1. How compact and how long is the chain, expressed as Rg and Dmax of its alpha-carbon atoms in Å?
2. At 0.692 mPa s and 37 °C, plugging the Kirkwood radius over alpha-carbon pairs of the range 126-258 into Stokes-Einstein gives what diffusion coefficient in µm²/s?
3. If each of residue 38 and residue 135 carries a label point 7 Å out from its Cα toward its Cβ, how far apart are those two points in nm?
4. For the range 21-147, take N as its residue count and report Rg(C-alpha) divided by 2.2 N^0.38 Å.
5. List the residues whose amide H sits under 5 Å from the amide H of residue 227, counting only those 5 or more places along or on another chain, with H placed 1.01 Å from N in the peptide plane.
6. Give me 196, 88 sorted ascending by neighbouring Cβ count inside 10 Å, so fewest comes first.
7. Taking the number of other C-beta atoms within 10 Å as the exposure measure, put 47, 111, 84 in order starting with the fewest.
8. What is the extension gain from residue 6 to residue 71, computed as 0.36 nm multiplied by their sequence separation minus the C-alpha to C-alpha distance, in nm to one decimal?
Amino acid sequence: MFRRSSSIEIKSRAQLDTMREAGLVVARALDAISRAAAPGVTTGELDAIARDVLADNGATSSFLGYKAHGAVPYPGVICASVNDEVVHGIPGARALADGDLLSVDFGAIVDGWNGDAAVTVLVGDVAAERVALSEVTEAALWAGLRRARAGGRLTDIGHAVESSVVASSERDGRFYGIVEEYGGHGIGSRMHMEPHILNYGAPGRGPVLRPGMALAIEPMVTLGDPEVAVLDDAWTVVTTDGSAAAHWEHTVAVTEDGPWVLTALDDVRL
Ligand code: MF3
Ligand code: CO
């Protein structure tokens, strides 16, 4: 049997160290934004915080001007997706309200190397089912991160993400939906690289994971039907049934010593 050799970028130790620098910039910005997010604060103000962190750290934005879906360059440095917005919400004049579930996605470039992560933030007093949704999504992310292990296979990651969400559904006695139209990705000298990483599916398929690979793992989970649509602004992805969504993401490096979470505030090795 012939297998096409993998086209997944392999980073040197020094290149991973630079990706860690980019990842720390991302972690600092998301930390600052998480603290600042409150009722009355606009998503544009959160974008400005991220721009300041980029400038303070000599970094540039992975997102600003990005062209993915046709001809509309992305206008922000963060994505701010509120409630039924799943991902790619454009920051602007919208003021956050008490009870909002806000997902913030941010990418930074240091010396040509990218970091990409997302958090879901609780704004004020948030309904218990929305808090649970965020926790379920974050747990699924960490289940996936733990499978970014040398010698494993790519689809082990999506399988772990899905299994975690299914286990949470059974525990809570309610359905959580996994968005299937979007997923994670390889990352390094560009933000979006091979391979595409599904958040579901059978394990044991796809490329063998090797030291020096870097992956952005990013489950998107909904309280209702996981079907999504893109708004007329060409970016904002929403649930079609209006149910709330959560999004958590980290960039992780595959190393000889196990997964290294490059976008965590602390040095996290799994
Ligand atoms: N982190 C996002 C992702 O991987 C990228 C947002 S799209 C952009 O899907 F245009 F804002 F860059
Ligand atoms: Co990403």
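Just so you know, all these numbers are worked out from the coordinates, no wet-lab data involved. As the structure is a computational prediction, the values presented were derived from the model and not from experiment. Counting neighbours? That spans all protein chains shown, and the Cβs are built from the backbone with ideal geometry, glycine included.
1. So, for the chain, Rg and Dmax equal 17.4, 60 Å respectively.
2. 217 µm²/s
3. Inter-label distance under the simple model: 2.5 nm.
4. Values: Rg = 14.4 Å, N = 127, 2.2 N^0.38 = 13.9 Å.
Ratio of Cα Rg to 2.2 N^0.38 Å: 1.04.
5. Those lying under 5 Å, H to H, from residue 227 are 240.
6. So the ranking, lowest neighbour count to highest, is 196, 88.
7. 111, 84, 47
8. 20.4 nm
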